[in-house]
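Taking it in order: structure first as structure tokens, then the write-up.
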Amino acid sequence: MSRQGGPRKPAKPRTRSAARAEAGGRARSGAVPREGNAPRADLGSIRARIDAIDARIHELLNDRARFAQQVGISKTASGKAVDFYRPEREAQVLRKAVERNRGPLRNEEIARLFREIMSACLAQQEPLKVAFLGPEGTFTQAAVLKHFGSSVRALPLPAIDEVFREVEGGIADFGVVPIENSSEGTVSHTLDMFLGSALKICGEVELRVQHHLMGRMNAVGDIKRVCAHAQALAQCRGWLDEHLPEPERVPVSSNAEGARRARDERGTAAIASRAAAEIYGLSILAEEIEDRSDNTTRFLVIGRKLFTPSGADRTTLLVSASGTDDPGALFRLLEPFAEHGINMTRIESRPSRKRKWDYVFFMDVEGHVSDPPLAKALASLEARASLFKVLGSYPRAVL
């Protein structure tokens, strides 16, 4: 399928991933690029230099881990990772790594490598426990790994409200929940949970989402129903309308749940991630069936406290006026941002649950609550609002 919604064949003789794998195979076999008629470099010499670099990297990684231990010891006698996890510091390290990157590794690869280094160093005493909207194989799990690295203990849970409860009760150190998709908008259940929760937003993750059609059948024509989260079904609506107009579309609690059903039910296919296909033993029948090539989901990291500025931050607010149906009520709430030069990047309204047709507003603005211009704007806003709550001031997603 083209990125504008044209047909996409389920199978291709040669994909980009196959080309990369072939190139990687040539590299592993020892092939060295040649420029013009220049003589081939001595492979033994090159491999010896690589071994020497590996030894230096190994030594430096252990040096870094020892310093990380000292940081933990200086901050707490308990040795618990959550006591000295600093998301603002990690964001600064990742930004610096990306800024100094000159290739050939891509920025995404550099950030992933440094994330894993920090994750492993932090987990020396005790791994962080991170709850997420499960089961295994969901995009939320992928967001956990992107933000925290693989040296955490990931706790899959069946519902967003259960993620909140596990963090509130201290069973999990942090939680990761979806908040919005670039094409389908807000996950309202996540917003509504903040109405009664004392948890804070500690970070955000942006994840490029690629949807694949998968199942146990041999051909697309054998599909009787397609199971996926309602958001995934909506994000692939155009492709489904063109290629699978007849099969029933069944919304389920998660894409991974859809993959489980595709494994267990004859005639059922799922829309999910490549990881879900591997976990549930499914064949990919069509790749990248999302309707937009820039399909991205934003996730929030929730915890029990606010953190200090990272230098490139976002603040999320929950506010309301005494009479949201009064003329100019929303204008009066937003006016302080304009007066102090604060950029608002997002606003959503939700029912207040106090009385009918009464609303609260969730706002995202640039900056940290401790930044003087934003602090002044928030002081003015709080004086006009009937409800004012800082849900979090946290580092913006690095990549």
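Data for the structure
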| quantity | calculated |
| --- | --- |
| Ellipticity estimate at 222 nm from DSSP helix runs (n ≥ 4, -39,500 (n - 2.57)) divided over the chain, nearest 500 | -12000 deg cm²/dmol |
| Straight-distance crosslink candidates among aspartates and glutamates, where the alpha carbon sits under 16 Å from K96 and sequence neighbours closer than 8 are dropped | E88, E108, E109, E116, D313 |
| E168 paired with S349, simple spin-label distance in nm, labels 7 Å along Cα-to-beta-carbon | 2.7 nm |
| Packing-based exposure ordering (other Cβ within 10 Å, fewest first) of F388, F361 | F388, F361 |
| Computed over the chain, Cα set: Rg, Dmax in Å | 24.2, 80 |
| Residue-span extension gain [R266 to V250] - 0.36 nm each, minus C-alpha spacing | 4.3 nm |
| Total formal charge among the other residues, if their Cβ is under 11 angstrom from that of R314, Lys/Arg +1 and Asp/Glu -1 | -1 |
| Flagged links, alpha-carbon separation over 29 Å, of K146/K305; K146/K224; K305/K376; K146/K376 | K146/K224; K146/K376 |
| Virtual paramagnetic centre 7 Å along Cα→Cβ of A312, amide N under 17 Å, in the stretch 103-147 | 103, 106-115, 147 |
| Beta bridges by DSSP in the stretch 128-262, antiparallel share as percent, to the nearest 5 | 15 percent |
| Other-chain or far-sequence residues with amide H under 5 Å of R396's (modelled H) | A312, D313, R314 |
| Within the chain, percent of DSSP bridges classed antiparallel, to nearest 5 | 75 percent |
| Residues T345, T186, T138, sorted so that the one with the fewest Cβ neighbours within 10 Å comes first | T345, T186, T138 |
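Laboratory data are not the source of any read-out in this text; all were calculated from the coordinates shown. Here the structure is a predicted model, which means the values were calculated and not measured. Positions of Cβ are generated from backbone atoms using ideal geometry, with glycine treated the same way; all protein chains shown enter the neighbour counts.
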